[in-house]
Ligand SMILES: C[S@@+](CC[C@H](N)C(=O)[O-])C[C@H]1O[C@@H](n2cnc3c(N)ncnc32)[C@H](O)[C@@H]1O
């Protein structure tokens, strides 16, 4: 199905509400995941955050898009993260990936907690294909990645320790 919307468009109230829920969820859960992962005491451990339908990273009027939510949560949280949160983003439209790259570049330049956040280059591609590649990568590197959350509008994948995976419809 084609998407006639421009690169950046108006954020509907339900989109803003979704971001508020995501923010509240991450603010509560990221420190919990960080503590439990840090307790595993594995070298190079990190929390991996995946947004497979990333969009352009912002809406009209510079309203932040979902890719900015985990970054802002870590940046503003009182919790001191021991495991860096690695943000991986996938978007299928070239124009939106280009905009997203610009936004992330600006965001990276202003980061206060550089040790707590790793922002990867966004990938232009299909969410499911990239998610499958990532799961294979995690399974191959189970020691390095202790928790993986893959969020999308249709599915939530949760992979623990890169060994067991669950695919539940949201
Ligand atoms: C509602 S928009 C962006 C939502 C964004 N997560 C946010 O809340 O700010 C959904 C995005 O998913 C992208 N998209 C749709 N199908 C996709 C797919 N199979 N793989 C990757 N991106 C996809 C669209 O191009 C669109 O930019």
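Please treat every number below as a calculation from the coordinates, not as lab data. The structure presented is a predicted model; accordingly, all values stated were derived computationally and were not measured. Neighbour counts run over all protein chains shown; Cβ positions are idealised from the backbone, glycine included.
Its alpha carbons give the range 44-121 an Rg and a Dmax of 12.3, 38 Å.
Taken over the range 1-151, the alpha-carbon convex hull comes to 108 cubic angstrom per residue. In this structure, residue 106 and residue 53 have a Cβ-Cβ separation that, at R0 = 30 Å, corresponds to a calculated FRET efficiency of about 0.90.
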